[in-house]
Amino acid sequence: METPCLFMSLTSLLCFFVLFPHSTATAPVGICYGRVADNLPPPSDAINLIVSNRITTVRLFNADPDTLRAFSGTGIALMIGVPNEALPSLANGTVESSLQWLQSNILADISANQIRYLAVGNEIFLKDPFYTAYVLPSMQNLYKALRALGLADTIKLSTALAASILSNSYPPSAGVFDPNLQPVMVQLLQFLQDTGSPLMVNVYPFFSYTSNPQYVSLDYALFRPTTTEYDQSLAYDNMFDATIDAFVYAMEREGFEGIPVVVSETGWPTAGSEAASPENALAYNGNVVRRGLNNVGTPKRPGVGVEVFLFDLFDENKKEGAEYEKHFGVFGVDGVKAYNLNFN
């Protein structure tokens, strides 16, 4: 999960969302299925809940075989996480060993046609730096393995990044990656461009607001525009748009245009903090869903549908950290919605 993204300038903070290529189809709005809890229903019940709410894409944080088998044959498209701890062996091994890893850990339990993305590591840069050197070699080996299987065009590889990899994000046109990460980011962006894959970022405006309320208004974070700011003639009235475009500008600053952005996590908690409530969670997530379904896009990329994975399917009572970390669930463990969010 994302930690607060610190702003360097006066007003607004940015912590981010998702884009996809120009299309007449609406952008998928998926959900994260986190399982750091001891009171969750079995995967079969979770899948019934997902299907009954017409959710078509799900992010799994690891390739748990029982969970993958439960999703098999449902038609639900998946983002599957490759755990951070698996990266050293994948990076240092051969393409054949990556092929074997895919076959044993993923393809043995679910059909390739249900896999949309592999997220190779989660929030490694800056936050879990031991694994940084292994990210790109792992992705390269996995890509060659997918290509050998004829799957490289349908299963896209990326890595889920913390929004804090931006050292500056205000105004959006000043978006820039942390200079300490510039070499590895350039290599990653080159891989994404070469393979037609998206940049994935975990974004939590909630943390930006709670950490910097003097600079970030609750209205700005929740899509309740009270003021409009202009940056290079583009109008911004919410953090969502501004953050996406800050990442777009940061990529362009490194010479990469047109790489889509996918928000691999975003959400708002219902309890555990003054700003955490079902009403605010509905305001935030409801706007995220509507913008994706209506292909609203951002000021810099208008009309580009936003693909996003909402965090989280259920509350996770074993999450570490502040109390609100346990309360991101859209649904209770009994299957009842925490608030009236519609996915279509």
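Each row is one residue, and each column tells you yes or no for (1) within 30 Å of Phe177 (Cα to Cα); (2) crowded, with 17+ Cβ neighbours inside 10 Å.
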| position | (1), (2) |
| --- | --- |
| Asn92 | yes, no |
| Val95 | no, no |
| Trp101 | no, yes |
| Asp109 | no, yes |
| Gln114 | no, yes |
| Gly121 | yes, yes |
| Ile124 | yes, yes |
| Tyr131 | yes, yes |
| Asn141 | yes, yes |
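Taking the options Ser217, Ser233, Ser208, name whichever one is of a type in the set (Gly, Ala, Ser), surrounded by 24 or more Cβ atoms within 10 Å (Cβ to Cβ) and either out of contact with any strand residue (DSSP E or B) (no Cβ under 7 Å at 6 or more places or on another chain) or under 22 Å from Cys32 (Cα atoms) (or both).
On the way: Ser217 fails: surrounded by 24 or more Cβ atoms within 10 Å (Cβ to Cβ); Ser233 fails: surrounded by 24 or more Cβ atoms within 10 Å (Cβ to Cβ).
Answer to the selection: Ser208.
Going by the structure shown, is Ala283 in contact with a helix residue (DSSP H, G or I) (Cβ under 6 Å, 6 or more places away or on another chain) and either of a type in the set (Ser, Thr, Tyr) or touching a residue at least 60 places away in the same chain (Cβ under 8 Å) (or both)?
Details: in contact with a helix residue (DSSP H, G or I) (Cβ under 6 Å, 6 or more places away or on another chain): no; either of a type in the set (Ser, Thr, Tyr) or touching a residue at least 60 places away in the same chain (Cβ under 8 Å) (or both): yes.
Answer is no for this residue.
Looking at the range 57-103, what helices (runs of 4 or more DSSP H) fall wholly within it and have at least 3 residues that are within 26 Å of Leu126 (Cβ to Cβ) and in contact (Cβ under 8 Å) with a residue 12 or more places away in the chain?
Details: elements: 65-71, 87-92, 95-102.
Helices (runs of 4 or more DSSP H) meeting the threshold: 87-92.
When the range 322-333 is examined, which residues are found to be over 18 Å from Gly30 (Cβ atoms) and either free of Cβ contacts under 8 Å to residues at least 12 places away in the same chain or outside any loop (DSSP other than H, G, I, E, B) (or both)? Don't jump to the end; show me each part of the working.
First, pick out the residues of the range 322-333 that are over 18 Å from Gly30 (Cβ atoms): 322-327, 332-333.
Hits for the range 322-333 are Glu323, Tyr324, Glu325, Lys326.
Search the range 216-226 for residues being part of a loop (DSSP other than H, G, I, E, B) and hydroxyl-bearing (Ser, Thr, Tyr), and hand back the single one that is modelled with the highest pLDDT. If you could, list the steps in order and put the result at the bottom.
Restricting attention to the range 216-226, the residues satisfying the condition of being part of a loop (DSSP other than H, G, I, E, B) are 216-217, 222-226.
If we keep only those that are hydroxyl-bearing (Ser, Thr, Tyr) as well, we get 217, 226.
Working: Ser217: 92, Thr226: 86.
Top of the filtered list is Ser217.
Note down all Cβ pairs under 6 Å where the first residue falls in the range 254-268 and is among the polar types (S, T, N, Q), the second is crowded, with 24+ Cβ neighbours inside 10 Å and at pLDDT 95 or above, and they're at least six residues apart or on different chains.
Hits for this filter: Ser264/Ala160; Ser264/Met200; Ser264/Phe309.
Do you know which residues across the range 14-55 are at pLDDT 95 or above and within 15 Å of Tyr117 (Cβ to Cβ)?
Correct list: Gly30, Ile31, Cys32, Tyr33.
Given (1) modelled with pLDDT of 95 or more; (2) among the aromatic types (Phe, Trp, Tyr); (3) closer than 18 Å to Asp245 by Cα, identify the lone condition not met by Phe191.
Result: Phe191 passes all but (3).
Is it fair to say Asn317 is part of a loop (DSSP other than H, G, I, E, B), modelled with pLDDT of 95 or more, of a type outside the set (Asp, Glu) and surrounded by fewer than 17 Cβ atoms within 10 Å (Cβ to Cβ)?
On the way: part of a loop (DSSP other than H, G, I, E, B): yes; modelled with pLDDT of 95 or more: yes; of a type outside the set (Asp, Glu): yes; surrounded by fewer than 17 Cβ atoms within 10 Å (Cβ to Cβ): yes.
Taking the combined requirement at face value, the residue satisfies it.
Specify the residue that is surrounded by the most Cβ atoms within 10 Å (Cβ to Cβ); the eligible residues are those in the range 266-285 that are part of a loop (DSSP other than H, G, I, E, B) and polar (S, T, N, Q).
Initially, the range 266-285 is screened for residues part of a loop (DSSP other than H, G, I, E, B), giving 267-277.
Restricting the remaining residues to those that are polar (S, T, N, Q) gives 270, 273, 277.
Values: Thr270: 22, Ser273: 18, Ser277: 17.
This residue is Thr270.
Can you find a residue that is in a helix (DSSP H, G or I) and basic (Lys, Arg) anywhere in the range 138-147? Step through it out loud before you land on a result.
Residues of the range 138-147 in a helix (DSSP H, G or I): 138-147.
Of the ones still in play, those that are also basic (Lys, Arg) are 144, 147.
Yes.
Among what's in the range 177-215 and is in a helix (DSSP H, G or I) and under 20 Å from Ser277 (Cα atoms), pick the residue that is nearest to the chain's Cα centre (by Cα). Write out each step before concluding.
So in the range 177-215, the residues in a helix (DSSP H, G or I) come out as 179-195, 205-211.
With under 20 Å from Ser277 (Cα atoms) added as a condition, the list becomes 205-211.
Numbers: Pro205: 13, Phe206: 15, Phe207: 15, Ser208: 16, Tyr209: 19, Thr210: 20, Ser211: 21 Å.
Once the filter is applied, the top-ranked residue is Pro205.
For the list (1) touching a Leu at 6+ places or on another chain (Cβ under 9 Å); (2) assigned to a loop (DSSP other than H, G, I, E, B), I need the number of the one condition that Gly150 fails.
With (1) touching a Leu at 6+ places or on another chain (Cβ under 9 Å); (2) assigned to a loop (DSSP other than H, G, I, E, B) applied to Gly150, the lone miss is (1).
To keep it simple, each residue is scored yes or no on (1) touching a residue at least 40 places away in the same chain (Cβ under 8 Å); (2) under 21 Å from Val308 (Cβ atoms).
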site: Leu192; (1), (2): yes, yes
site: Val201; (1), (2): yes, yes
site: Pro205; (1), (2): yes, yes
site: Pro225; (1), (2): no, yes
site: Ser233; (1), (2): no, no
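Do we find that Pro172 is within 29 Å of Asp241 (Cα to Cα) and without any contact (Cβ under 8 Å) to a residue 40 or more places away in the chain in this structure? Steps first, answer last, please.
Numbers: within 29 Å of Asp241 (Cα to Cα): yes; without any contact (Cβ under 8 Å) to a residue 40 or more places away in the chain: no.
Spelling it out, it is not the case that Pro172 is within 29 Å of Asp241 (Cα to Cα) and without any contact (Cβ under 8 Å) to a residue 40 or more places away in the chain.
The values are calculated or read from the model by the stated rules, or taken from the named source; none is laboratory data. For clarity, every value in this text was computed on a predicted model and none was experimentally measured. No Cβ is skipped: glycine too gets one built from the backbone with ideal geometry, and neighbour counts run over all protein chains shown.
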